[in-house]
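Note sheet for the following structure.
What follows draws every value from the coordinates through simple rules; no lab data is involved. For clarity, every value in this text was computed on a predicted model and none was experimentally measured. Here the Cβ positions follow ideal geometry from the backbone for every residue, glycine too, while neighbour counts run over all protein chains shown.
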Amino acid sequence: MKILIIEDEKDLLEAMAGYLTLEGMLCETASTFFKAEDSLSAYNYDIIILDLTLPDGNGLDLISLIKERNSKAGLLIVSARNSLDDKVKGLDLGADDYITKPFHLAELNSRIRSLARRRFFDGKNELTFNEITINTDSLEVAVNGELLDLTRKEYDILLYFMVNRNRVITRESIAEHIWGDNSTFADNFDFIYSHIKNIRKKIEQKKGKNYLHNIYGIGYKFSE
Amino acid sequence: MMKLLQKTNRAYFILSASAFAVAGLVTYLVLSLFLESQLNEKLAATKDHLVETIETSGVVYNDPPYIEVREEPASSEIKDSYSDTIIYDASEKESVPFRQLTGTVSIRDKNFKIITRNTLIEKSDFLLTIILTTGSVFLLLLLSLYFINKKLSRKIWSPFYSILDELKKFSPENASFDLIASGGIEEFEELRLTLNKLTAKVISDYQVLKRFTEDASHEIQTPLSIVQSRLESLIQEPDLTEIQAAQIQSAYSASVRLAKLTRSMLFLARIENRQYPESEEIDLESIIRSQTELFSEAIREKSLSVEIHSDSGCSLNANVFLAESLIQNLLGNAIKHSFGNSSIIIELKQDSFVILNNGAPLQVEPRKLFDRFYKASSSSDSFGLGLSIVMEICKANNWHITYTVENNLHKVTVKF
């Protein structure tokens, strides 16, 4: 998957590209409006990540160029402005999703994956890890071919892990993914712990292996 | 608190009352001295006339108690002297005060003692008359002054009161504010100009402050995302020691907490700056149900039940995002603070939303809870912004919110 990241903060650009490259994506970067125009004119991308605040132009103006040159690309807007105005405008102009700074890299990755699934695998949509298969259309999870009875939140958490497999996912990032930014209980990690315990139990009931590992009390990692 | 007019009236009353008392006293003293000397002159004249009559005609005239002439032995000689005396008047059956002139005169080798008298006005009558006169003048003066003052002051102070009325409508959220009335009086004109300057300053400071919160929170977001993403990358390192991991974890939690804080502050500033203008018809009940689902773990953990009573349902025009946030904050609070094993009751009507939960009594007045960064307990890990956000959402929509506590029952009412 080929990705163009348009972001003027070099550090953030590097961190995003680093994370996504490890996820097996091919990342190109542009830190100015000018450079972004160049890249967009010359190449085709599957996903474009666009920061709206650029030093030499408004990111919103790039959207029309993207629609013109890279009409098939999925477009994810990143903004520090957290403003509904920008969000509505961006989505109106054809952006597919919107994420506000500061965000968790795992969340960014999850959004890109979901965007890619919606864009490129029309209908048939399965993620597989050994004996576990998730169908993101029917929202079903199967272990060794047997369906798991998961709650919506358990499903969301498992999908989040599957997408970010082999990475340490922080509890904070899971909490925000499930409950959003402002939830009163988003920092109560006991709830995450009990959800994860339930997921493990349900997978093990179907003779699945436990791939959810605790990492130093920071979070969890979904891996062999 | 006393009105200005009341105060001047009171001072004026005290001052003029004492002035009138002194004036009355002086009048009394001067008048009695004057009357006395007049009376003395008259008595002397009568005496002279008697002496003359005796000298010329030898007739001795007596008219007690006014005139008494007696022949006296030559040895007793009295110089003229004035005195006051009291004589019983049989006809009027009362003692009457008299002024008398007593003296001896020798006429044609005879010695006469002559007493001339005249009635004296009684001192108490005299005093009473003076008190009554000055008193009524005083009252008259006071009354007329009171009415003049009242009328005049209403007129004089009218620009002041209109400035006051205008000023009461002032809010720093006004785009501009200009006092008009001054009534052509220099002092009030000065007051008006000063107040205009002051309110302009308040408005501009308030705007700067509002922008500042928004700009500052906004500017923090980008560096914060760098910190957060760098730490997230660092966590991925496979060879971290437990101590390193703990240190990264603590820095990371702090950065996440800071991110939440700036997000809340930014959100608050944006509601204040009315940056959520889009509104649509929303179904509040379905928002309540989805938010209840979001809190399902906490609700289960505390063995709570959420009862939603909605007879007619409630649809209103509002911003979805703000309505969700309102419900999320109020429901979250209710769950957090209620005792376990109980119900949270939500009553939804066409024009109001009520949420009831039990919980410990408040240590402060409920309205204080809406203050920014106010925390009921210092140990709480919340920022104390939730209810401020609720308050701002209500203000932005012209909704009225009240919070009451009765017998451990907390009740929040939002009237649409």
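Note on the protein assembly as shown: dipole from Cβ charges, positive end direction compared against A:A80, B:I308, B:S18; the farthest Cα belongs to B:I308.
Other protein chain C-beta atoms within 10 Å of residue C-beta, averaged over B:215-225: 5.
How many percent of the alpha carbon pairs in the protein assembly as shown exceed a separation of 44 Å? Spell out each step's value before the answer.
Numbers: 101990 of 204480 pairs.
That tail contains 50 percent of the Cα-Cα pairs.
Note on B:S83 and B:S136: with the Förster distance fixed at 22 Å, the Cβ-Cβ geometry gives a FRET efficiency of about 0.05.
Under Stokes-Einstein, with the Kirkwood radius over Cα pairs standing in for Rh, what whole-number D in µm²/s applies to the range B:280-415 at 20 °C and 1.002 mPa s? It would help to have the intermediate numbers written out before the result.
Working: Rh = 15.2 Å.
It comes out at roughly 141 µm²/s.
Computed over the Cα atoms of the range A:126-222, pair by distinct pair, the Kirkwood hydrodynamic radius stands at 13.6 angstrom. Working ranking of peptides B:356-368, A:151-163 by packing, defined as the average number of other Cβ atoms within 10 Å per residue, highest first, is A:151-163, B:356-368.
Note on the range A:2-120: percent of Cα-Cα distances in each 10 Å bin, starting at 0 and stopping at the bin with the largest distance, equals 14, 53, 32, 1. For the pair A:E146 and B:L258, label points projected 7 Å from Cα toward Cβ lie 4.9 nm apart.
Per-residue mean of foreign Cβ neighbours for A:159-168 is 1 (Cβ atoms of other chains, 10 Å radius). Rg and Dmax of the range A:117-165, both derived from C-alpha coordinates alone, stand at 10.4, 28 Å.
Report for the range A:2-120 the percent antiparallel among DSSP-assigned beta bridges with both residues inside it, nearest 5.
Of the beta bridges lying entirely in the range A:2-120, close to 10 percent run antiparallel.
Percent of C-alpha pairs per 5 Å bin in the range B:136-195, short distances first: 4, 17, 20, 16, 12, 9, 8, 6, 4, 2, 1, 0. Applying the criteria of a DSSP loop state and at most 11 other Cβ atoms within 10 Å to the chymotrypsin sites (Phe, Trp or Tyr not before Pro) of the range B:328-387 yields B:F373. Rounded to the nearest 20, the size of the Cβ-charge dipole of the range A:2-120 about its Cα centre is 540 debye, with Lys and Arg at +1 and Asp and Glu at -1. For B:C314, the residues whose modelled amide H falls within less than 5 Å of its own, excluding neighbours fewer than 5 places apart on the same chain, are B:L284, B:E285. Plainly put, the range B:4-129 has a radius of gyration that is 1.25 times its Kirkwood radius, both from alpha-carbon atoms, as the Rg/Rh ratio. Charging the Cβ of each Asp and Glu at -1 and of each Lys and Arg at +1, and nothing else, the dipole of the range B:1-150 about its Cα centre rounds to 1220 debye. Derived from the Cα gyration tensor, the three semi-axes of the equivalent ellipsoid of chain B are 101, 26, 22 Å, largest first.
Taking each residue of B:253-265 in turn, how many C-beta atoms of other protein chains fall within 10 Å of its C-beta, and what is the average?
Numbers: counts 5, 0, 2, 10, 2, 1, 8, 8, 0, 4, 6, 2, 0.
Per-residue shielding by partner chains comes out at 4.
Each helix, a run of at least 4 DSSP H residues, gives -39500 (n - 2.57); summed and divided by the residues of chain B, these come to -19500 deg cm²/dmol at 222 nm.
For the range B:278-351, what percent of Cα pairs sit more than 18 Å apart?
39 percent
Residues whose amide H lies under 5 Å from that of B:K349, counting only those 5 or more places away or on a different chain, are B:V354; hydrogens are built 1.01 Å from N in the peptide plane.
Antiparallel as a % of all DSSP beta bridges within the protein assembly as shown, to the nearest 5?
Values: 68 of 92 bridges.
Around 75 percent of the beta bridges assigned by DSSP in the protein assembly as shown are antiparallel ones.
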